[in-house]
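Below is one structure; the comments refer to it alone.
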Amino acid sequence: MNKTLNFGIEEEYLITDLATRTMLSQPTRQLIAECQAALGSHFAFEMFQGQIEVASPVFANLAQANEYLTNARGRLVQILENNDLGLLCAGSHPLADWRLQQATDQEHFRKLFRDFQRVAQRSVLCGLHVHVEVPDRLDRICVMNQVLPWLPLLLALSSSSPFWDGAPSGFMSYRQVACDEWPRMGVPEYFENEQAYRDYLQLLLQTGSISTPGECWWGLRPAARYPTLELRMTDACPRLSDALCIASLFRIMVGHAIETPQPGAGYSQTSQWILKENRWRAKRFGVHGHFIREGSALMLSAGQWLDWAQETFLATAEQLGEAQVFEQARQILEEGSSADRQLHCFDQAQAAGLSTSTALARVVDQLLGAANP
């Protein structure tokens, strides 16, 4: 096991007006320039003008990730607060009106809006993306297939988008519901190996269905620009500690797959069917879901699934120096995910007689506080 299994993290944020608690639709050029100056080459534009991204440098361990993202969040929070604005990091913004958001004025984003119309306009969403390096000697699709069945557990832990369009959505990750409006999102097609994946890409490119391989946006994919597997299914996490826990779990899962003699050999069409069902349960119920374990008639609670993960991945976690991650994940289960905390805050405010909009503003305040490292 390579104890410095390299990885990177991308976090997306929504700029929020502290007076109204709503998402800012058109930040000034000066504000964006300040954010760019603070992050340098690791600043990235996103689909909407009021949305920005941090694309981290390459990390060799979790301590580096913690230090970098703590500083990055801190710098952004300070810049925004100086302008009476706040940093919100969650799968969806409780008070954002997608109809009012403005597309970022770059050709890449203009093309998305031309091609996908209202689907693009509605995608006021933020994810946590994690890249983990895979050695050249390995078939990335086979490694991906080894990891895929575990994704709904990570989604449940990250769930942070229970509100949509100013109301409870009934889902713990409404972001994943909205993602299903797009083509080539969610669960990847069933590929036996990288050659099958390349054949699929060739078909789409030849038929004009996509213009670049990067237009396959599945919840887990071989990155087009880097020798990595990229986790995309998870919601953005308000608390950095939760984001680092999920990134660590994913890194451990990839590390275990890399060391498996025949990674992905047990992944079948049935495995994909179960994955799709478990993803549905994760986005609907979050950490309160009950999940299917292939080959068993018994349903797993999220806690039981985490116990199984610990049995499966503990040796790899110890080799990477991250054995404590299972206790950190168990703490998320005990306290509830961000979606649980948001709904609790909302319910408490409504029980106190506050209006829906005021209750949602309380939730926004909670999220703004959580994003501040």
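What trypsin sites (Lys or Arg not before Pro) does the range 178-274 have in DSSP loop regions with at most 10 other beta carbons within 10 Å?
Loop-located and lightly packed - 225.
Which option, (1) 128; (2) 157; (3) 167, is the value of volume of the Cα convex hull per residue in Å³ that was calculated from these coordinates?
Label (1) holds the value from this structure.
Scan around residue 236 for amide H atoms under 5 Å from its own, H built in the peptide plane at 1.01 Å from N, and keep only partners 5 or more places away or cross-chain.
HN-HN under 5 Å from residue 236: 91, 126, 127, 128.
Which loop-located GluC sites (Glu not before Pro) does the range 149-205 contain, where loop means any DSSP state but H, G, I, E or B and the Cβ has at most 15 other Cβ atoms within 10 Å?
Qualifying residues, ordered by number: 181, 189, 192.
Roughly to the nearest percent, how much of the accessible area of the chain is carbon and sulfur, given a 1.4 Å probe?
Reported share for carbon and sulfur atoms: 49 percent.
What is the helix-to-structure angle for 269-285, meaning the angle in degrees between its Cα long axis and the longest Cα principal axis of the chain, kept from 0 to 90 and rounded to the nearest 10?
Long axis of 269-285 versus the principal axis of the chain: about 20 degrees.
Pop the C-beta distance of residue 64 and residue 372 into the FRET formula with R0 = 25 Å and round what comes out to the nearest 0.05.
On the way: r = 21 Å, r/R0 = 0.83.
According to the calculation, E is roughly 0.75.
Among 293-305, 76-88, how do they line up by average Cβ neighbours within 10 Å per residue, starting with the highest?
Per-residue mean Cβ counts within 10 Å order the peptides as 76-88, 293-305.
Kindly provide the helix-only [θ] at 222 nm of the chain, computed as the sum of -39,500 (n - 2.57) over DSSP H runs of four or more divided by all residues, to the nearest 500 deg cm²/dmol?
Taking each H run of at least 4 residues, the total per residue is -15000 deg cm²/dmol.
So what's the gap between the Cα centers of the range 180-216 and the range 227-296, to the nearest angstrom?
What the calculation gives is 20 Å, centre to centre.
Once you place label points 7 Å from the Cα toward the Cβ at residue 294 and residue 108, how far apart are they in nm?
Once both label points are built, they end up 3.4 nm from each other.
Could you tell me how many degrees, from 0 to 90 and to the nearest 10, lie between the Cα long axis of helix 240-259 and the main elongation axis, the longest principal axis, of the Cα atoms of the chain?
Result, in degrees: 20.
Before I look further, what does the range 7-371 give for accessible area per residue, probe 1.4 Å, in whole square angstrom?
Normalised by residue count, the accessible surface of the range 7-371 is 41 Å².
Per residue of the range 199-206, in order, report the coupling 6.51 cos²θ - 1.76 cosθ + 1.60 (Karplus, θ = phi - 60°) as ³J(HN,Hα) in whole Hz, putting x for Gly and Pro.
4, 5, 4, 4, 4, 5, 5, 5
In whole Hz, with x marking every Gly and Pro, tabulate ³J(HN,Hα) for the range 182-198 from phi via Karplus 6.51 cos²θ - 1.76 cosθ + 1.60, θ = phi - 60°.
Ordered by residue, 3J(HN,Hα) equals 8, x, 6, 10, x, 7, x, 4, 7, 10, 6, 6, 5, 5, 4, 5, 5 Hz.
Please find the FRET efficiency linking residue 205 to residue 271, where r is the Cβ-Cβ separation and R0 is fixed at 41 Å, and quote it to the nearest 0.05. Walk me through the numbers on the way to the answer.
Details: r = 27 Å, r/R0 = 0.67.
Between residue 205 and residue 271 the formula returns 0.90.
Per residue of the range 228-236, what does 6.51 cos²θ - 1.76 cosθ + 1.60 with θ = phi - 60° give for ³J(HN,Hα)? Whole Hz please, x for Gly and Pro, Karplus curve as stated.
Working through the residues one at a time gives 10, 9, 10, 7, 10, 6, 6, 5, 4 Hz.
Once amide H atoms are placed 1.01 Å from N in the peptide plane, what residues at a sequence separation of 5 or more from residue 210, or on another chain, have their amide H within under 5 Å of its amide H?
Answer set, sorted by chain and number: 205.
The values are calculated or read from the model by the stated rules, or taken from the named source; none is laboratory data. Bear in mind the structure is a predicted one, so any value in this text is a computation, not a measurement. A quick note on method: Cβ atoms are made from the backbone with ideal geometry, for glycine too, and the neighbour counts reach across all protein chains shown. Calculation scope for accessible area: heavy atoms of the full protein, side chains included, ligands and nucleic acids excluded. Shrake-Rupley method; radii C 1.70, N 1.55, O 1.52, S 1.80 Å.
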